[in-house]
Amino acid sequence: MLLGAHVSTAGGCRNAPARAADIGATAIQIFTKQPNRWAEVTIPDDEALAFRAAVAQHGVAYANAHDSYLINLATHDALLLDRSYSAFLGELNRANQLGLHALVTHPGNATDGDLPRGLAQNADMIARALEEAGGTVQVLLETTAGSGKVIGSRFEQLAEMIARMPGNVSDRVGVCVDTCHVYAAGYDLREDYDGVINQLADVIGLDRVRLFHLNDSATPFASKRDRHAAIGEGSLGDEPFRRLMTDPRFALVPKVLETPKELPENPKDQVTMDLRNLARLRGYLTSA
């Protein structure tokens, strides 16, 4: 099973796979730059080669990046759109350089309230960037919690974005399902797991589900708030994660944690909470 967590790249990308080994991860997610800053970075060739070597050394079978939180390809502001496109293209280029499988991106925020325009524009920008960057990295549209004018809280919106992709890049676009986000958006994984997965299959297609972010929710159902909690300790509880971990349709789909890491008694400890959450997830397999 491809299972792991978002891990730090402090000190360089080459250090991330060793941190994956510390928690027994076979899948990891990283940032290739600071996610809350526009400043672009260039990864030296020797750093990229060291990362690739460390991935092989530490048994990481799947690695993806999450793009910058500042990127908004759905904006109506021309200057922000130009900056966002350049940053997104940079994310794709770094992902290609590191040999990553995928780049996760938020579908954007139509701040002018024109969701159809924002959705179409975002899709078109992603298609353009995929063509310009080349390579094999997939772009995964992440489900969102539905606050404000953010795109991606409804399966239909993601399906429409995928449908806009030209044939030469269509296969490189999929979906990252975040359990906290879909629950907060109004898809009741807790009380109607089968119904939610059936909707996902009917609207998007399970072949497009290429990554899960496994996060419990610190807020109630349909809150439209993105607040992650430790597995089994939020409003989702154990059962949805037990179902996902044992669902044969998703046995080969990578799954990574984005759950809180901090221990109050030791804020510098970035391992213990991941170990606890991963052990809980693996426990669902043995108790099935």
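The values are calculated or read from the model by the stated rules, or taken from the named source; none is laboratory data. Quick caveat, the model's predicted, so the values are computed rather than measured. Virtual Cβ from ideal backbone geometry, glycine too; neighbours counted across all protein chains shown.
Summary of values
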{"item": "Those residues of the range 81-112 which are touching a His at 6+ places or on another chain (Cβ under 9 Å), surrounded by fewer than 22 Cβ atoms within 10 Å (Cβ to Cβ) and aliphatic (A, V, I, L, M), in sequence order", "result": "none"}
{"item": "Per-region count, the range 113-165, residues under 19 Å from the mean Cα position of the chain (by Cα), small (Gly, Ala, Ser), at negative phi and surrounded by fewer than 24 Cβ atoms within 10 Å (Cβ to Cβ)", "result": "5"}
{"item": "Single match in 274, 247, 269, 226 (criterion: under 22 Å from residue 147 (Cβ atoms) and acidic (Asp, Glu))", "result": "226"}
{"item": "Qualifying positions in the range 177-221 - within 20 Å of the chain's Cα centre (by Cα) and small (Gly, Ala, Ser)", "result": "184, 185, 186, 201, 205, 217, 218"}
{"item": "Any hit, the range 88-111, residues being free of Cβ contacts under 8 Å to residues at least 40 places away in the same chain, closer than 29 Å to residue 238 by Cα and in a strand (DSSP E or B)", "result": "yes"}
{"item": "Residue within the range 58-65 that is farther than 19 Å from residue 149 by Cβ and out of contact with any strand residue (DSSP E or B) (no Cβ under 8 Å at 6 or more places or on another chain) present", "result": "yes"}
{"item": "Residue identified as touching a strand residue (DSSP E or B) at 6+ places or on another chain (Cβ under 8 Å) and farther than 23 Å from residue 178 by Cβ among 167, 118, 99", "result": "99"}
{"item": "Lone qualifier among 171, 188, 178 - being modelled with pLDDT of 95 or more and closer than 25 Å to residue 113 by Cβ", "result": "178"}
{"item": "Count of the range 30-72 residues which are touching a residue at least 40 places away in the same chain (Cβ under 8 Å), out of contact with any Gly (no Cβ under 6 Å at 6 or more places or on another chain), in a loop (DSSP other than H, G, I, E, B) and closer than 30 Å to residue 121 by Cβ", "result": "5"}
{"item": "Test set (1) surrounded by 14 or more Cβ atoms within 10 Å (Cβ to Cβ); (2) touching a strand residue (DSSP E or B) at 6+ places or on another chain (Cβ under 7 Å); (3) not in a helix (DSSP H, G or I) - residue 274 fails condition number", "result": "(3)"}
{"item": "Residue selected from the range 166-205 under the condition touching a Pro at 6+ places or on another chain (Cβ under 7 Å) and of a type in the set (Ser, Thr, Tyr), by the criterion surrounded by the most Cβ atoms within 10 Å (Cβ to Cβ)", "result": "179"}
